[in-house]
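J.: Take this structure first; my questions come after.
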Amino acid sequence: MITLKLPDGTLKKLAPGTRAIDVAEGIGKRLAQIAIAAKLNDQIIDLNRELSVPSETETSAGTAEKTAEGASEAKEGTEAIPFVILTEKDSDALAVLRHSCAHIMARAVMRLFPGTQLAFGPATETGFYYDISSPIPITENDFPRIEEEMKKIVKLAEPFERFERSVSAGRTLVADLGQEYKVEHIDDELKKYPQLSFYRQGEFIDLCRGPHIPHAGRIGAFKLLSIAGAYWKNDSSRPQLQRLYATAFFSEKELKEYLVQIEEAKKRDHRTLGKQLRLFTISQQAGQGLILWMPKGAMVRSLLENFIRDELLKRGYSPVYTPHIGRLDLYRCSGHFPYYRDAQYPPLYYHPGAAAVDLCQYRLGAGFLDEKKEREMQLYLEGVGLLIPGYAEATTQEAKLDKVHHYILGVIEAMSIPIPDYAQAATPTERSAALFAWLQAQEGYLLKPMNCPHHIQIYKAQPRSYRDLPVRLAEFGTVYRHEQTGELNGLTRVRGFTQDDAHLFVTPDQVESELEANIELVLFVLKTLGLSDYRVRISLRDPASDKYVGAMELWNNAEQTLQKVVDKLGMPFEVALGEAAFYGPKIDFIVRDCIGRSWQLGTVQLDYNLPVRFDLEYTGSDNQAHRPVMIHRAPFGSMERFFGILIEHFAGAFPLWLAPEQARVVTVSEKFVDYAKKVEAEFRQHGFRITGDYRSEKIGAKIRDASLEKIPYILVIGEKEQNNQQVSLRDESLADMKARDLGASSVQDVIAKLSREVQEKRLHQIQKASIQFDSATKFAE
RNA sequence: GCCGACUUAGCUCAGCUGGUAGAGCAAUGCUUUCGUAAAGCAUAGGUCCGGGGUUCGAAUCCCCGAGUCGGCUCCA
């Protein structure tokens, strides 16, 4: 016997075999009509499924593992289980609808492209996709006929019928259907479940955990949006499939609204606004991913930098400056050069043969590689143009290493590179060591990928006492990372960027308070700019991975401290295993751009490892040498990315304190230019960034131009103002155009008003982002 | 790096199935001297992303490359 607890608190005892739809019918006919699915103890289920206690329902395959823990508590059949009928108003119901629409899309594709292999087809925050592989690749030109086919299916309003099979029978079924990816998925993951669930709709059968809408007729509107490549199981070493993106709604109206929202969002895209407002540019000739800050963008950046610099000085930081390049040895010691080699610009050597030696040393030093690592290595070597004869064709690791050996031997001879030890070296390890010894003497340099090693040198440049700690070294440090071409994106993903970086060298017992102070600094910065829509992520080590450096105790210690501080501050956060930096765990602050992509901004990272690598010390009160702990932190993250997000956040209309041009004087006619120029000069004297528009245009045109440039205030000067020694103020931040004209006041009053606004860093009203993301899956990446 | 689409004047974009380019805005000049989102007229402006190829002829078709965009993978 199951007892349900309805949202209004009433309890309902169920006879065995009762379905969710029966419960809905029992509550009311109308509810049963508008019902989409049901939610039993946080698990969404089909209306047509018999209700049973959650611990049993999830024995079937594909059911989310994560519900297991919640369900185990409610195992007792006597306890009332929370139960809700989901209707069109619930965002969970929309996700169900979209998942069902994914099935319909797959069904349509199967009809039009026989032989199509299906992979996964989940709902997303704003729609759904289905990963497929068809014998003839699908293009956007095929969208209309796929949509036509889908319309036919929706019109028939056939039900989604669930049925279950044992793993072996289910495997046979998908194999008979010719669905190889599904077979692989059963073998890889689903075989641990006792039962597999399937959904049938007409001729279409799909392995699927559900749930689904009762029948296809509930789909009010849908649209195919785009097509992209996606790797099977998100693994770049597996085959690439085609991912068909689409969206669906209960009504045509909602779909239209969504499409309008997307158009609106594009208007506030920082790449569009950056061009329009002349904030920054990227030139193909200067190089991709390298931002050229135009005067207006540079002004905003400089104001942001001043803001954060003032805050740092208040908080006991010491500004430092370090160069853009550093010796390779520095980055060998820190671990950055070997670890992130493929994401860096190539090292700079004087010797013309050094690049080849360097790469061959790298390959020899890597030794025997497994299949995946070897594939990555080969791609890397090809990417940097090192084509070793016979390497790709060699089938064993021994043979490959031998090819490298013969190749570099030839280079050494041809270029007369003096590495006498190489001839004696017999193993790949010895050969690598011989090459490395020579390379180390070569004075290679690296465009710096991180500022920490330089700051560490500053720390080490003098003896440190526990009395000096914390040492807080801050710099707007520019770093370079050779991001993959496909990753580059406006200001949010670039190859050269400036971090508002600082490194704190602290005693172990200062770690907690310094971490806390830094998280508070990040929160303060975000608050000042009105960025409230962010989430906090604690990134910890993946215990199964070997990519991390340093002792286990240190990691455990660091991770515990981070958790403790965040718990203490009482902010919501999520834990991400495997997202830690290779040297330590971190706390990241993540925001979204106008089209919903998540980007990491501020970060606070704990590091017990670099102090060891660089043998950092301070003298304690016991007169003994102790190891300091490092904290890496950047409240903005990168100036470029932060600026990009800020442009979108303000839709280009920066608050007065940040606006590159704060006010513009416009004259009614040329007769008032002399007075207007005096007013302009007066404002400039008071530190305002102001210009005058003295063209022989009509006043309306000048106001329009200033408005389009998103200048916060317009100062209008005509006969009246000139006679009374006043200015008329127009506030461009007001949504209501008619209310913008604030009337005339004295120049002094306006200066005082605007000065106050700057002083307070007051935020103009911010146009809210137009796309409403599904709150249920908020910020899913 | 991978999959796909795209790249035409400073910007936004037309240019049908091959016959060597056009609009609006911006710019410049002249006229206009105007009261809160676009005055009028005129002028100038193009390596149709780059390189090959097919063709009598290529912005248009094919190949290679670069860049941008949407995803995937990666992200210190």
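J.: Conditions first: (1) within 16 Å of RNA strand B (Cβ to nearest atom); (2) crowded, with 21+ Cβ neighbours inside 10 Å. A:V511 passes all but one, so which condition is the exception?
T.: (1)
J.: What number of residues in the stretch A:322-338 are out of contact with any Lys or Arg (no Cβ under 8 Å at 6 or more places or on another chain) and closer than 12 Å to A:P449 by Cβ?
T.: 4
J.: Another question, then. Can you spot a residue in the stretch A:264-278 that is closer than 28 Å to A:A634 by Cβ, free of Cβ contacts under 8 Å to residues at least 12 places away in the same chain and β-branched (V, I, T)?
T.: yes
J.: Can you find a residue in the stretch A:485-492 that is among the polar types (S, T, N, Q), modelled with pLDDT under 95, assigned to a helix (DSSP H, G or I) and within 30 Å of A:L273 (Cβ to Cβ)?
T.: We begin by selecting, within the stretch A:485-492, every residue among the polar types (S, T, N, Q); these are A:485, A:489, A:492.
Add one more test, that the residue is modelled with pLDDT under 95, and what stays is A:485.
Checking the rest, the ones that are also assigned to a helix (DSSP H, G or I) come to A:485.
Adding the requirement that they be within 30 Å of A:L273 (Cβ to Cβ) leaves A:485.
Yes; the residues of the stretch A:485-492 include at least one that is among the polar types (S, T, N, Q), modelled with pLDDT under 95, assigned to a helix (DSSP H, G or I) and within 30 Å of A:L273 (Cβ to Cβ).
J.: Scanning the stretch A:336-355 for residues that are open to solvent by 50 Å² or more (accessible area, probe 1.4 Å) and more than 16 Å from RNA strand B (Cβ to nearest atom), which turns out nearest to A:G365 (Cα to Cα)?
T.: A:A355
J.: Quick one: in the stretch A:117-149, of everything that is hydrophobic (A, V, I, L, M, F, W, C) and more than 27 Å from the chain's Cα centre (by Cα), which residue is surrounded by the most Cβ atoms within 10 Å (Cβ to Cβ)?
T.: Residues of the stretch A:117-149 that are hydrophobic (A, V, I, L, M, F, W, C), as a first pass: A:118-120, A:123, A:128, A:132, A:136, A:138, A:143, A:146.
Subset that is more than 27 Å from the chain's Cα centre (by Cα): A:118, A:136, A:138, A:143, A:146.
Working: A:L118: 28, A:I136: 11, A:I138: 19, A:F143: 17, A:I146: 19.
Going through the qualifying residues, I end up with A:L118.
J.: Return the residues of the stretch A:230-265 that are crowded, with 18+ Cβ neighbours inside 10 Å, polar (S, T, N, Q) and more than 11 Å from RNA strand B (Cβ to nearest atom); say none if nothing qualifies.
T.: A:T247 - this is the single residue of the stretch A:230-265 that is crowded, with 18+ Cβ neighbours inside 10 Å, polar (S, T, N, Q) and more than 11 Å from RNA strand B (Cβ to nearest atom).
J.: Tell me, which residue of the stretch A:198-229 that is surrounded by 20 or more Cβ atoms within 10 Å (Cβ to Cβ) and of a type in the set (V, I, T) is nearest to A:I85 (Cα to Cα)?
T.: Top of the filtered list is A:I213.
J.: Looking only at strands (runs of 3 or more DSSP E) that lie completely in the stretch A:1-79, which have at least 2 residues being modelled with pLDDT under 80 and over 18 Å from A:D90 (Cα atoms)? Break it down into steps so the answer makes sense when it comes.
T.: Working: elements: A:2-5, A:11-14, A:35-40, A:43-45.
Ranges flagged: A:2-5, A:11-14.
J.: Another one. Hey, could you check the stretch A:360-375 for residues that are within 16 Å of RNA strand B (Cβ to nearest atom) and surrounded by 14 or more Cβ atoms within 10 Å (Cβ to Cβ) and say which is farthest from A:P420 (Cα to Cα)?
T.: By that ranking, first place goes to A:E374.
J.: Still on this structure, please answer the following. Between residues in the stretch A:334-346 that are of a type in the set (K, R) and residues that are open to solvent by 30 Å² or more (accessible area, probe 1.4 Å) and within 6 Å of RNA strand B (Cβ to nearest atom), which pairs lie under 7 Å by C-beta distance while being six or more apart or on different chains?
T.: none
J.: Tally the residues that are out of contact with any strand residue (DSSP E or B) (no Cβ under 8 Å at 6 or more places or on another chain), within 24 Å of A:K267 (Cα to Cα) and near RNA strand B (Cβ under 8 Å from one of its atoms), restricting the search to the stretch A:693-717.
T.: 4
J.: While we're on this one: Give the number of residues within the stretch A:743-753 that are of a type outside the set (D, E, K, R) and within 16 Å of RNA strand B (Cβ to nearest atom).
T.: Total meeting the criteria: 6.
J.: Whether any residue in the stretch A:584-591 is in the same structural domain as A:D500 (by TED's automatic domain parsing), under 19 Å from A:C452 (Cβ atoms), touching a residue at least 12 places away in the same chain (Cβ under 8 Å) and more than 21 Å from the chain's Cα centre (by Cα) is what I want to check.
T.: Scanning the stretch A:584-591, I find no residue that is in the same structural domain as A:D500 (by TED's automatic domain parsing), under 19 Å from A:C452 (Cβ atoms), touching a residue at least 12 places away in the same chain (Cβ under 8 Å) and more than 21 Å from the chain's Cα centre (by Cα), so the answer is no.
J.: Which helices (runs of 4 or more DSSP H) sit wholly inside the stretch A:268-335 and have at least 1 residues that are more than 16 Å from RNA strand B (Cβ to nearest atom)?
T.: A:295-314
J.: Another one. I need the full set of residues from the stretch A:633-642 which are within 15 Å of the chain's Cα centre (by Cα), not acidic (D, E) and not in a loop (DSSP other than H, G, I, E, B), in order please.
T.: Within the stretch A:633-642, the first condition is being within 15 Å of the chain's Cα centre (by Cα), and the residues that meet it are A:636-638, A:640-642.
Going one step further and asking which of them are not acidic (D, E), we end up with A:636-638, A:641-642.
Correct list: A:S638, A:R641, A:F642.
J.: Can A:E393 be described as part of a loop (DSSP other than H, G, I, E, B), open to solvent by 30 Å² or more (accessible area, probe 1.4 Å) and of a type in the set (D, E)?
T.: yes
J.: Also: Based on what the data block shows, is A:L531 in contact with a His (Cβ under 7 Å, 6 or more places away or on another chain) and not small (G, A, S)?
T.: Yes.
J.: Are any of the residues in the stretch A:389-412 more than 30 Å from A:I595 (Cβ to Cβ), within 16 Å of RNA strand B (Cβ to nearest atom) and not assigned by TED's automatic domain parsing to the domain that holds A:G602?
T.: Going through the stretch A:389-412, the residues more than 30 Å from A:I595 (Cβ to Cβ) turn out to be A:389-412.
Right, trim to within 16 Å of RNA strand B (Cβ to nearest atom) and you get A:392.
Okay, now just the ones that are also not assigned by TED's automatic domain parsing to the domain that holds A:G602, so A:392.
Yes, the stretch A:389-412 contains at least one residue that is more than 30 Å from A:I595 (Cβ to Cβ), within 16 Å of RNA strand B (Cβ to nearest atom) and not assigned by TED's automatic domain parsing to the domain that holds A:G602.
J.: Against the definition (near RNA strand B (Cβ under 6 Å from one of its atoms) and either under 30 Å from A:R268 (Cα atoms) or among the small types (G, A, S) (or both)), how does A:I690 come out, yes or no?
T.: no
J.: I've got another one for you. When the stretch A:444-476 is examined, which residues are found to be within 16 Å of RNA strand B (Cβ to nearest atom), assigned to a helix (DSSP H, G or I) and either outside the structural domain of A:G620 (by TED's automatic domain parsing) or over 25 Å from the mean Cα position of the chain (by Cα) (or both)?
T.: A:P453, A:H454, A:H455, A:I456
J.: Ok, one more. Within the stretch A:211-229, take every residue that is in a loop (DSSP other than H, G, I, E, B) and not small (G, A, S) and give me the one that is farthest from RNA strand B (Cβ to nearest atom).
T.: A:P214
J.: For the subset of the stretch A:322-331 comprising residues that are closer than 22 Å to A:Y380 by Cα and surrounded by 18 or more Cβ atoms within 10 Å (Cβ to Cβ), which member is nearest to the chain's Cα centre (by Cα)?
T.: The extreme case among them is A:Y331.
J.: Something else about it: A:G652 - would you say it is assigned by TED's automatic domain parsing to the domain that holds A:L531, within 17 Å of A:L491 (Cα to Cα), within 15 Å of RNA strand B (Cβ to nearest atom) and of a type outside the set (F, W, Y)?
T.: Criteria not met by A:G652.
J.: Ok, one more. Only one of these is closer than 27 Å to A:G297 by Cα and either open to solvent by less than 50 Å² (accessible area, probe 1.4 Å) or not acidic (D, E) (or both): A:S669, A:S745, A:S696, A:S707. Name it.
T.: A:S707
The values are calculated or read from the model by the stated rules, or taken from the named source; none is laboratory data. Keep in mind it's a predicted model, so treat the numbers as computed, not measured. Counting neighbours? That spans all protein chains shown, and the Cβs are built from the backbone with ideal geometry, glycine included. Heads up: the accessible areas ignore ligands, DNA and RNA and are worked out on the full protein's heavy atoms, side chains in. Shrake-Rupley method; radii C 1.70, N 1.55, O 1.52, S 1.80 Å.
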